[in-house]
Amino acid sequence: APRSLSGMQPTSDSLHLGNYIGALVEWVRLQETHDAFYFVADLHALTVATEPELLRRRTRLTAAQFIAGGVDPERSVLFVQSHISQHTELNWILSCLTGFGEASRMTQFKDKSAKGSNTNVGLFTYPVLQAADILVYDADVVPVGEDQRQHLELSRDLAGRFNQRFGDTLVVPDPHIMKATAKIQDLQDPTAKMSKSAASDAGLVSLLDEPNRIAKKIRSAVTDTEREIRFDEDAKPGISNLLSIHAALSGTPIAHLEAQYEGRGYGDLKKDVAEIVVEKVTPFRERTLELMADEAELDRILADGADRAREVAEATVRRVYDKVGLLRRP
Ligand code: ATP
Ligand code: MG
């Protein structure tokens, strides 16, 4: 079967609705048809200064939420990035193939460094490590949200460049970005993407929040002064975002929703979206807490995943080291 691979950073306790709709739902679907590899990107999370115990807790919490969301650790290889040293080994090789100007064009770095006070070299080279994450497993498809499109382009470029210079070695991955719903926006600032590391959490729907709190946030989402419920991301980003969330979770096409809400008020739409979201997150939250209650079992699952992941990653790095002219490890 073709291989699917993706990861999320443990940069907060809870995943948010964007992570769920933009990525996790698709991860789960791909398990049916693909050889799936999913990981907690703890090395990437180090680009944000975090208290060590908190990072450890969030790494387990993130893994637990993958499982709660439907990732089956028997069918999929579920692991923690730092457990596989080959990610950082391939990262170095790829760094030496990445142009400085090329790395400088990455918009996520520009956005994040413009916002945060902590701009480190790790944040700058983040997309190269991400390329290593993908290429070390010979991934065919990478299910991610729209915000990762540019990083995936870089992964493809680097794989192609390596192959051109050293002969066919790495698989060139395909991005697998969910249409229409691929980007969920912040509820208070619908022109910005919903993000774990956003400055304020007023517009963030955290999956582990109290259901009441979630419903309240959705009911106070920023919209516009018109009254018409129609999808128009430029003129009506708030309403369009609510329609996207509804469509993604209810499975109703946006055009049907527009017809369904004709002549009705924004309050109706918000109330329905809140209900749909709460219905999804309630069992999700329960299952996550259950998994977190047995840390030893969770660690066992992650250790098993690491064993399966390492086998693939080791073979790739061996191939790559040979090709570039490093002496075989004694
Ligand atoms: P951070 O702010 O720390 O970067 P994040 O919210 O962007 O966190 P990541 O761990 O970087 O989350 O991304 C995990 C996955 O979720 C990626 O596939 C990413 O494309 C997807 N994703 C993140 N935010 C959104 C969003 N607002 N809408 C859709 N998908 C998203
Ligand atoms: Mg991100």
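The values are calculated or read from the model by the stated rules, or taken from the named source; none is laboratory data. The model shown is predicted, which means the values in this text are computed figures rather than measured ones. Positions of Cβ are backbone-derived with ideal geometry, glycine not excepted, and every protein chain shown enters the neighbour counts. Only protein heavy atoms, including side chains, enter the accessible area calculation; ligands, DNA and RNA are left aside. Shrake-Rupley method; radii C 1.70, N 1.55, O 1.52, S 1.80 Å.
When the test is whether a residue is open to solvent by 50 Å² or more (accessible area, probe 1.4 Å) and over 13 Å from the mean Cα position of the chain (by Cα), Asp140 passes it.
Any residue in segment 63-74 that is over 18 Å from the mean Cα position of the chain (by Cα) and surrounded by fewer than 24 Cβ atoms within 10 Å (Cβ to Cβ)? Yes; the residues of segment 63-74 include at least one that is over 18 Å from the mean Cα position of the chain (by Cα) and surrounded by fewer than 24 Cβ atoms within 10 Å (Cβ to Cβ). Picking from residues in segment 190-206 that are part of a loop (DSSP other than H, G, I, E, B) and within 12 Å of ligand 2 (Cβ to nearest atom), the one that is surrounded by the fewest Cβ atoms within 10 Å (Cβ to Cβ) is Ser197.
Of all residues assigned to segment 88-96, none qualifies as being within 14 Å of ligand 1 (Cβ to nearest atom) and either modelled with pLDDT of 95 or more or more than 28 Å from Ala49 (Cα to Cα) (or both).
State whether one or more residues within segment 145-152 are touching a Lys or Arg at 6+ places or on another chain (Cβ under 6 Å), part of a helix (DSSP H, G or I) and within 16 Å of ligand 2 (Cβ to nearest atom). Checked segment 145-152: at least one residue is touching a Lys or Arg at 6+ places or on another chain (Cβ under 6 Å), part of a helix (DSSP H, G or I) and within 16 Å of ligand 2 (Cβ to nearest atom). With respect to the conditions (1) touching a helix residue (DSSP H, G or I) at 6+ places or on another chain (Cβ under 6 Å); (2) within 16 Å of ligand 2 (Cβ to nearest atom); (3) part of a helix (DSSP H, G or I); (4) at pLDDT 95 or above, Thr62 falls short on a single one, namely (1). Within segment 1-22, the residues that satisfy the criterion of being under 19 Å from His87 (Cβ atoms) and either within 11 Å of ligand 2 (Cβ to nearest atom) or in contact (Cβ under 8 Å) with a residue 60 or more places away in the chain (or both) are Arg3, Ser4, Leu5, Ser6, Gly7, Met8, Gln9, Thr11. All of (1) within 16 Å of ligand 2 (Cβ to nearest atom); (2) in contact with a Gly (Cβ under 6 Å, 6 or more places away or on another chain) hold for Leu187 with one exception: (1). Among the candidates Ile218, Ile239, single out the residue that is touching a Phe, Trp or Tyr at 6+ places or on another chain (Cβ under 8 Å), within 29 Å of Arg285 (Cβ to Cβ), of a type in the set (Val, Ile, Thr) and part of a helix (DSSP H, G or I). Every option except Ile239 fails the conditions. Looking across segment 124-148, the residues that are near ligand 1 (Cβ under 10 Å from one of its atoms), more than 14 Å from His87 (Cα to Cα) and not polar (S, T, N, Q) come down to Val142, Pro143, Val144, Gly145, Glu146, Asp147. For Asp234, indicate whether it is away from ligand 2 (no atom under 16 Å from the Cβ) and either outside any loop (DSSP other than H, G, I, E, B) or in contact with a Lys or Arg (Cβ under 8 Å, 6 or more places away or on another chain) (or both). Considered against the rule, which asks whether it is away from ligand 2 (no atom under 16 Å from the Cβ) and either outside any loop (DSSP other than H, G, I, E, B) or in contact with a Lys or Arg (Cβ under 8 Å, 6 or more places away or on another chain) (or both), Asp234 comes out as no. Leu123 meets each of the listed conditions (1) in contact with a Lys or Arg (Cβ under 7 Å, 6 or more places away or on another chain); (2) assigned to a helix (DSSP H, G or I); (3) farther than 30 Å from Asp299 by Cβ apart from (3). Any residue in segment 163-181 that is within 25 Å of Lys216 (Cβ to Cβ) and either buried (at least 19 other Cβ atoms within 10 Å of the Cβ) or more than 11 Å from ligand 1 (Cβ to nearest atom) (or both)? Taking every residue of segment 163-181 in turn, at least one turns out to be within 25 Å of Lys216 (Cβ to Cβ) and either buried (at least 19 other Cβ atoms within 10 Å of the Cβ) or more than 11 Å from ligand 1 (Cβ to nearest atom) (or both).
For segment 31-38, does any single residue satisfy the condition of being of a type in the set (Gly, Ala, Ser) and more than 14 Å from ligand 2 (Cβ to nearest atom)? Yes, the conditions are met somewhere in segment 31-38.
Once segment 119-137 is narrowed to residues that are buried (at least 22 other Cβ atoms within 10 Å of the Cβ) and out of contact with any His (no Cβ under 7 Å at 6 or more places or on another chain), the residue that is farthest from Leu78 (Cα to Cα) is Val128. Could you tell me which residue of segment 5-35 is nearest to ligand 1 (Cβ to nearest atom), considering only residues that are in contact with a Pro (Cβ under 9 Å, 6 or more places away or on another chain) and in a strand (DSSP E or B)? Of everything passing the filter in segment 5-35, Ser6 is nearest to ligand 1 (Cβ to nearest atom). When His83, His44, His34 are checked against the criterion of being closer than 20 Å to Met8 by Cβ, open to solvent by less than 10 Å² (accessible area, probe 1.4 Å) and modelled with pLDDT of 95 or more, a single residue qualifies: His44.
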